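Before any comments, here is the structure.
None of the figures in this text is laboratory data; all of them are computed from the coordinates on show. This one's a predicted model, so the numbers in the text were calculated from it and none came from an experiment. Here the Cβ positions follow ideal geometry from the backbone for every residue, glycine too, while neighbour counts run over all protein chains shown.
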Amino acid sequence: MRRRAYLAGAGSVGLVSLSGCAAIGDAASALFGDEYDIGMDRNAFTPKTYETTVGEPIRWKNTSGSVHTVTAYGGVFETSEADYFASGGYESESAARDAWFDDQGGAIGVGETFEHTISVPGEYQYFCVPHETDGNGRVRMVGTVVVTE
């Protein structure tokens, strides 16, 4: 008799434990779903290098618990006809950096996305302003988009 009571209790606990899994799965799907090309982990873009073709939209998604930015390094845009890109719509690297340090301008919140289309072939490096380097000056959250014809 005690064995049946134990098994019934254990089964009930198991069902209650599993009942929350659907909700967890729904939340995880919303946060980590496949509707993006580049994810943002705690301190890294995933994948670090992303390859695409001219005219294809690129979508970044914040899949971490921290706020991030997508900010292109400005150098390549000085010799290219490509449009500069940064979350927040800033027109230069310095404007994007200033906006972040002024009031977290360009912030991409948890689960939010940023999209940009590159129309000129090339290799474009970008970074997250608050996580670009660690406390020792080592490069951390930097990525590259390689765009071909």
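Sticking with the crude label model, points 7 Å out along Cα→Cβ, report the distance from THR52 to GLN104 in nm, one decimal please.
2.6
If every alpha-carbon in the range 49-94 counts as one equal scatterer, what log10 I(q)/I(0) does Debye give at q = 0.15, 0.32 1/Å?
So the normalised log intensities are -0.48, -1.27.
What is the spin-label model distance, in nm, from SER80 to VAL120 if the labels are put 7 Å beyond Cα along the C-beta direction?
0.8
What does the convex hull of the alpha-carbon atoms of the range 34-148 project to on average, in nm²? Mind dumping the intermediate values first?
Numbers: hull surface 26.6 nm².
Quarter of the Cα hull surface area: 6.7 nm².
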